[in-house]
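Taken together, the values in this text are just the output of simple stated rules run on the coordinates, not laboratory data. Since this is a predicted model, take the numbers as computed values, not measurements. In this analysis, Cβ positions are derived from the backbone assuming ideal geometry, glycine residues included, and neighbour counts consider all displayed protein chains.
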Amino acid sequence: TGGVTTIDPGFKNTGSCESAITFLNGEEGILRYRGYAIEELAEKADFLEVAYLLIFGELPSAEKLLKFHNDIRAQSRVDEDVKKILDGFPKSAHPMGVLSSLTSALVAFNPSSVNVDSEEEMYNAIVRILGKFPVLTAWTYRKRAGLPLDYGDASLGYVDNFLKMMFKHPNDEYKSNEVVVDALDKLLILHADHEQNCSTSTVRIVGSSHAGLFVSISAGIAALWGPLHGGANQAVIEMLEAIKDDDGDTKKYMAKAKDKSDPFRLMGFGHRVYKNFDPRARIIKKAADEVLADLGVEDPVLDIAKGLEKEALEDPYFVDRKLYPNVDFYSGIIYRAMGIPVEMFTPMFALGRLPGWIAQWREMRLRKEPIGRPRQVYIGENLRKFKDIENR
Ligand code: SDX
């Protein structure tokens, strides 16, 4: 049989590790980072504070947070030759493919970040990727938009400076928009970690071969790109737009989602663990109303989304399968209101998930977890004799 007698497709009932980072209760819709409720962190903390908490296990004092931010700022430069790699991509390249490639390419420019064994070497690799990833993300967007690439203004906060690198136009003064900064900061916190999801498990298993932090993150970006995972936030908006163009005919799309012969799924609905409302979706839905009102943005797809949610929560197909809106259902509506284009939605998810991936990789390395190497049940041919080609 190849070593085992039963398998668990998708690891629905398999625990891969012990972890002290994130606690989920899918039945009650509970999410906590290092014991702190997501609702409190989203309200009271900022993204870099939550990144520190996830990675090192404690909320930082003011001086520890400042040192962390300064260490990240000191690593926020990217070798000019990386721009040549970026230049090689057609403008049509999806940003997630560009980012996975550039993150992997960073290894060539930061060789010391490959074989990290000591906590100090891990810390150096961690602040490097936290410093460089926002730059790569903003540059990927700017390249597609045909805009110049720069480093923003390091004196700004982490999220504010990312927005400046994204949106500063060559000939006008960049003015921070507090509503946008706060909204993105909250969204990034809500995406920061989610225990052993597909992309985090990918980061852990690549990291378990001691391949290094940057390529483990690059692999996580690739896994997150899938429409069943982080790529759903882009697919949700594309679905809502299609419904809008179809005279808002949600019933047609609900029917498609329930039709087993149709591969279409209601994007932004369902979850492997949450069999109740995704607590992040609840917070994001509320934030969508607030941010759009603050920005004076009217977006017809928000009403379509709310209508779809209401219908699904009353539909036996969805109720029986405990399918609720997940983190991806409303987030794109806020990103769009901020001026972030739809192909950059999943990179926003990656920017938010980066600290979680880092925390999980660090925990796996510090706990000296063995290399990931599952077994199988063999269902192939029995022993066969080789046939020369003239006899085949
Ligand atoms: C994320 O794991 C994480 O924590 C992920 C994440 C994170 O923070 O890292 O939370 C982020 O990836 C959120 C999920 C984003 N994906 C989507 O919104 C895509 C649409 N959702 C589905 O593809 C699905 O719900 C998954 C992938 C999220 C979960 O899939 P599962 O757990 O493998 O469930 P399943 O595919 O076995 O579905 C169970 C049943 C099936 O029907 P039956 O065979 O029982 O008749 O529910 C149906 C499915 O057909 N179903 C759906 C559906 N989701 C599940 N039917 C229609 N629309 C859907 N969205």
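For the stretch 313-331, which positions are more than 11 Å from the ligand (Cβ to nearest atom) and within 16 Å of the chain's Cα centre (by Cα)?
Residue satisfying the conditions is TYR330 alone.
Any idea how many residues of the stretch 161-203 are in a helix (DSSP H, G or I) and of a type outside the set (D, E, K, R)?
21
Report, by residue number, each residue of the stretch 242-251 that is loosely packed, with under 13 Cβ neighbours inside 10 Å and of a type in the set (Lys, Arg).
Correct list: LYS251 only.
Considering only the stretch 279-392, give the helices (runs of 4 or more DSSP H) lying wholly within it that have at least 1 residues that are crowded, with 23+ Cβ neighbours inside 10 Å and not aliphatic (A, V, I, L, M).
279-295, 328-337, 345-366
What single numbered condition from (1) part of a helix (DSSP H, G or I); (2) within 9 Å of the ligand (Cβ to nearest atom); (3) within 24 Å of the chain's Cα centre (by Cα); (4) not polar (S, T, N, Q) fails to hold for ALA257?
Here ALA257 clears every test but (3).
Please verify whether the stretch 197-206 includes one or more residues that are more than 16 Å from the ligand (Cβ to nearest atom) and either hydroxyl-bearing (Ser, Thr, Tyr) or on the phi > 0 side of the Ramachandran plot (or both).
no
Tell me which residues, restricted to the stretch 1-47, are outside any loop (DSSP other than H, G, I, E, B), of a type in the set (Ser, Thr, Tyr) and closer than 23 Å to ILE205 by Cα.
Correct list: THR22, TYR33.
For a quick check of your reading of the model, give me the residue pairs whose first member lies in the stretch 341-363 and is within 14 Å of the ligand (Cβ to nearest atom), whose second is hydrophobic (A, V, I, L, M, F, W, C) and assigned to a loop (DSSP other than H, G, I, E, B), with beta-carbon atoms closer than 6 Å and at least 6 apart or on different chains.
As it stands, the answer is GLY352/ALA192; PRO355/ALA192; GLY356/ALA192; ALA359/ILE21, since those pairs meet every condition given.
Return only the number of the condition from (1) within 17 Å of ALA125 (Cα to Cα); (2) surrounded by fewer than 19 Cβ atoms within 10 Å (Cβ to Cβ) that ASP81 does not satisfy.
(1)
Does the stretch 119-160 hold any residues that are assigned to a loop (DSSP other than H, G, I, E, B) and touching a residue at least 12 places away in the same chain (Cβ under 8 Å), and which are they?
GLY146, LEU147, PRO148, LEU149, ASP150, TYR151, GLY152, ASP153, ALA154, LEU156, GLY157
Output the residues belonging to the stretch 262-296 that are without any contact (Cβ under 8 Å) to a residue 60 or more places away in the chain, within 12 Å of the ligand (Cβ to nearest atom) and of a type outside the set (Phe, Trp, Tyr).
ASP262, PRO263, ARG265, LEU266, GLY270, ALA281, listed by residue number.
Just need a number here: residues in the stretch 1-36 that are hydroxyl-bearing (Ser, Thr, Tyr) and within 13 Å of the ligand (Cβ to nearest atom).
3
Hey, among the residues in the stretch 221-238 that are more than 10 Å from the ligand (Cβ to nearest atom) and in a helix (DSSP H, G or I), which one's surrounded by the most Cβ atoms within 10 Å (Cβ to Cβ)?
Within the stretch 221-238, the match that is surrounded by the most Cβ atoms within 10 Å (Cβ to Cβ) is ILE221.
Cβ-Cβ under 6 Å, sequence separation 6+ or interchain: first residue in the stretch 80-99 and under 15 Å from PRO134 (Cα atoms), partner charged (D, E, K, R) and part of a helix (DSSP H, G or I). Which pairs?
Pairs found: LEU86/LYS143; PRO95/GLU343.
Out of curiosity, is ALA211 under 20 Å from ARG373 (Cα atoms), of a type in the set (A, V, I, L, M, F, W, C) and more than 16 Å from the ligand (Cβ to nearest atom)?
Considered against the rule, which asks whether it is under 20 Å from ARG373 (Cα atoms), of a type in the set (A, V, I, L, M, F, W, C) and more than 16 Å from the ligand (Cβ to nearest atom), ALA211 comes out as yes.
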